[in-house]
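Every number in this text was worked out from the coordinates using simple rules, so none of it is lab data. None of these values were measured; they are calculated from a predicted model. Glycine also receives a Cβ, built like all others from the backbone with ideal geometry; neighbour counts cover every protein chain displayed.
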Amino acid sequence: MKSDKNKVFVRKFKQEFQSITLGGGVIVALLVLWELASNLQWINPMFSSSPSRIVSSGWKVIADGSIFKHIQSSGLIFIYGYLLAAVVGIPFGILLGWFKKASQAFGPIIAAFYTTPRIAMMPLFIIWFGLGIGSKLALVFLSAVFPLIVNMQTAVSNLDKDLTRVAEAYGANRRQIFWTIALPESVPFLLTGLRLATGRALLGVVGAEVFGGAEGLGYLIQYAGATFQTDIVFVCVVIIAAFGIVMDRSLLALNRRFDVWRGND
């Protein structure tokens with residue numbers, strides 16, 4: 001038994017090592033090619049920058065502290081909007097999935113908003129909420145909430161029929177089925193929805209700050225691009241991407257923990 005566990009561990013370690021090596025190798029190769037193309041004047045550094053210039057500019061804005069107020073501003077909008085989306089989207093999605101009439105009533109509205117680009121509504125948010133945090137929060141919230149609603153609705157409305165039949169055969173009522181089958185079965189869908197919502201929320205943050213902001217990473221991207229500071233643009237993009245990767249990997253690791261608990265690993 002112990003030998004089998006060791007073999008599984010070794011196999012997983014090799015797979016992870018191979019994934020990191022291949023993925024990291026491709027990234028390093030692209031960065032080296034980018035640096036060479038910039039140094040050899042194959043591309044214009046003014047419009048494309050280079051890895052070394054991006055690192056230099058990144059270190060400069062970190063050293064003088066000018067980037068931190070923008071990170072803080074974007075971070076607060078993301079956190080507030082993301083949490084609000086989770087608080088509203090998760091129970092509302094469960095409601096739509098559990099009650100068929102609720103799905104029939106609100107389904108068309110959810111479909112319409114889910115497919116509508118939220119950035120198109122930013123002018124309305126500015127008119128309604130002004131140029132402060134309200135309009136930005138509205139855009140981030142609407143960007144993140146619908147992946148959660150759709151995923152939770154799908155999870156609760158498509159339960160394992162064999163499990164529900166067994167539960168009913170043992171006399172379980174609808175409330176017991178909800179707590180013992182529906183909610184545990186929906187955990188993978190919840191974590192997938194949170195991962196999708198992370199990317200949508202980050203897009204919402206950047207879009208809101210580009211459209212109507214005086215600070216934040218989105219505003220800095222817009223300002224730096226307008227003044228041809230491509231190094232700063234890439235610094236902001238790297239920061240946003242790094243945060244998104246950390247969030248995504250954390251939720252993926254949490255999902256794996258639940259898989260082990262559920263006996264799927």
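In what sequence do R256, R118, R175 fall when counting other Cβ within 10 Å, fewest first? Write out the running numbers ahead of the final one.
Details: R256 13, R118 23, R175 8.
Taking fewest neighbouring Cβ atoms as first place, the list is R175, R256, R118.
Rounded, prolate or oblate: pick one for the chain, where a ≥ b ≥ c are the square roots of the eigenvalues of its C-alpha gyration tensor, a/c under 1.5 means rounded, and failing that, prolate if a/b is larger than b/c, else oblate.
Working: a/c = 2.98, a/b = 1.38, b/c = 2.15.
Oblate, since a/c reaches 1.5 and b/c is not below a/b.
Would you count, across region 47-262, every pair of lysines whose alpha carbons are under 27 angstrom apart, provided the pair is eight or more residues apart or spans two chains?
Values: K60/K69; K69/K136; K100/K161; K101/K161.
Going through region 47-262 pair by pair, I get 4.
Going by how many other Cβ atoms sit within 10 Å of their own, how do V206, V238 line up, fewest first?
Details: V206 25, V238 13.
Fewest to most other Cβ atoms nearby, the residues stand as V238, V206.
Arrange the following residues from fewest to most other Cβ atoms within 10 Å of their Cβ: M247, M152, M121.
Values: M247 19, M152 24, M121 16.
Lowest count first: M121, M247, M152.
Pick out, in residue order, every one of the chymotrypsin sites (Phe, Trp or Tyr not before Pro) in region 133-225 that is DSSP loop and has at most 15 other C-beta atoms within 10 Å; say none if there are none.
Taking region 133-225 and a limit of 15 other Cβ atoms within 10 Å, the loop chymotrypsin sites (Phe, Trp or Tyr not before Pro) found are Y170.
Efficiency by 1/(1 + (r/R0)^6): what FRET value for A112 and Y80, r their Cβ-Cβ distance, R0 = 25 Å, to the nearest 0.05?
Details: r = 25 Å, r/R0 = 1.00.
Here the calculated transfer efficiency is 0.50.
Straight-line reach from K12: which lysines fall under 19 Å, measuring Cα to Cα and dropping same-chain residues less than 8 apart?
Excluding near neighbours in sequence, the set is K2.
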